[in-house]
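Notes follow the structure.
The values are calculated or read from the model by the stated rules, or taken from the named source; none is laboratory data. Just so you know, these numbers come straight off a predicted model, no measurement behind them. Because the Cβ atoms are built from the backbone with ideal geometry, glycine has one as well, and the counts that use them run over all protein chains shown. We work out accessible area using only protein heavy atoms, side chains counted, and drop any ligands, DNA or RNA first. Shrake-Rupley method; radii C 1.70, N 1.55, O 1.52, S 1.80 Å.
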Protein chains: 2
Amino acid sequence: MARTGRRPGDSGTREAILLAARQRFADAGYRAASIRSIATRAGVDPALVHHYFGTKRDLFATVLQLPIDPDVIVQAVLAGDAVRVGERVVRSFLTVWDEARARDRMLMLLRSAVTDDHVARMMREFVLDTVFGPIARGCSPDEPELRATLAASQLLGFAMVRFVICMEPLASAPHDRLVAAYAPSIQRYLTGDLTARRGTRAALVARPQANG
Amino acid sequence: MARTGRRPGDSGTREAILLAARQRFADAGYRAASIRSIATRAGVDPALVHHYFGTKRDLFATVLQLPIDPDVIVQAVLAGDAVRVGERVVRSFLTVWDEARARDRMLMLLRSAVTDDHVARMMREFVLDTVFGPIARGCSPDEPELRATLAASQLLGFAMVRFVICMEPLASAPHDRLVAAYAPSIQRYLTGDLTARRGTRAALVARPQANG
């Protein structure tokens, strides 16, 4: 009798589960995406998901593997003119988010991190240890950790507004407009004086004042 | 026989349901928080939740009512020196997030918006129509919608990093440091030249270049 269903040895089964997991995690977030719902979407038995990938946590970590190498991006960002590092960070970020597979994974991470502490920790580590930490340390010896989190906060917020909440006109603004808008902020976070009382002509700032 | 359970007329039942809903929505997000789980937490029958608040969508809208009046904040931000509007926006934002009840509602909105399109639309409308839209229009006649979404992207990202993902040292930075760091960016988004090729000494930017 011919076998028609998928079985453990079938080529493609593993990929089908990974694809289903990626879609479920990206759509529903880590917490709401069950192994059962992933198995259903992949057309396999839940036991097979566990067989290939272990726990939901293990599966998530596997799915999260980015199709890009963060080290390559960090090196590219840090090579070149220091006064344009903000521009290179923004352009690299836009390029990564334009790549469909990378965008799926980032959305998955974002959606899952806001509702699950375990994923939030993974995201913290990924964002700081592999991307913004090395970039900030390469830019300034002065408070690189604060600089890394400031830059991360702007680019995360941008990703939220453009890809998750979809606020126009930002959601469909062309790259050059986004670079012109964001690069000076990222540049200042990475290399500027963060305690400055004066900015550009348009950006006078922060008189000293006690608060909570 | 004495009645011991809660019944529709009990004072406090409505408040108990609202509190439970607020906690569930904030914790699990809109999609994952079921009427049943909210009823369980409130110690009432699910039918009672529907009786008081209608559908889950209706309940969410009720729970979302902020304990602050956005109009008051917008007016306060727009009153005063135009070159310090960025600082006032950041300080107002920090003050609102410091207020426990407001923070719960904002976290609820944030957690729910990333996993549910309906809530994402509510958030879009709230953020743009009642807060950043009016502020941006009060600051500049030049592309106020883009300015509003740029400012929103930075403050949303800040809220994510500080309150949801909890990235240190940003998560526990004092207000004055945050104002010094963010006010110049918000000021530029609201009043600056967004196509500028040159920024502060530390922030040279964006050479013209074609891209996708």
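Numbers for the structure displayed
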| read-out | value |
| --- | --- |
| Region A:168-178, residues that are open to solvent by less than 30 Å² (accessible area, probe 1.4 Å) and either at pLDDT below 95 or over 16 Å from B:LEU190 (Cα atoms) (or both) | A:ALA171, A:ALA173, A:HIS175 |
| Yes/no for A:ALA42 being under 25 Å from A:GLU125 (Cα atoms) and open to solvent by less than 50 Å² (accessible area, probe 1.4 Å) | no |
| Qualifying residues in region B:130-167 (those that are β-branched (Val, Ile, Thr) and modelled with pLDDT under 95) - the one most open to solvent (accessible area, probe 1.4 Å) | B:THR130 |
| Residue match in region B:54-66 (condition: among the aliphatic types (A, V, I, L, M), at pLDDT below 80, closer than 23 Å to B:ALA120 by Cβ and surrounded by fewer than 18 Cβ atoms within 10 Å (Cβ to Cβ)) | yes |
| Cβ pairs under 8 Å, 6+ apart, first in region B:72-101 and more than 16 Å from B:THR191 (Cβ to Cβ), second among the basic types (Lys, Arg) and modelled with pLDDT of 90 or more | B:ALA76/B:ARG88; B:TRP97/B:ARG162 |
| Neighbours by Cβ (under 7 Å, 6+ apart or cross-chain): first from region B:41-67, touching a residue at least 24 places away in the same chain (Cβ under 8 Å); second among the basic types (Lys, Arg) and open to solvent by 60 Å² or more (accessible area, probe 1.4 Å) | B:GLY43/B:ARG6; B:VAL44/B:ARG6; B:TYR52/B:ARG14; B:PRO67/B:ARG101 |
| Members of region A:138-156 found to be free of Cβ contacts under 8 Å to residues at least 40 places away in the same chain, within 7 Å of another protein chain (Cβ to nearest Cβ) and of a type outside the set (S, T, N, Q), listed by number | A:GLU145, A:ALA152 |
| Total residues in region A:13-35, condition open to solvent by 40 Å² or more (accessible area, probe 1.4 Å) and over 22 Å from A:LEU110 (Cα atoms) | 2 |
| Helices (runs of 4 or more DSSP H) (entirely within region A:79-129) containing at least 2 residues that are open to solvent by 20 Å² or more (accessible area, probe 1.4 Å) and within 23 Å of A:PRO174 (Cβ to Cβ) | A:85-98, A:100-113 |
| Options A:LEU59, A:LEU64, A:LEU94; residue that is of a type in the set (A, V, I, L, M, F, W, C) and in contact with a His (Cβ under 7 Å, 6 or more places away or on another chain) | A:LEU94 |
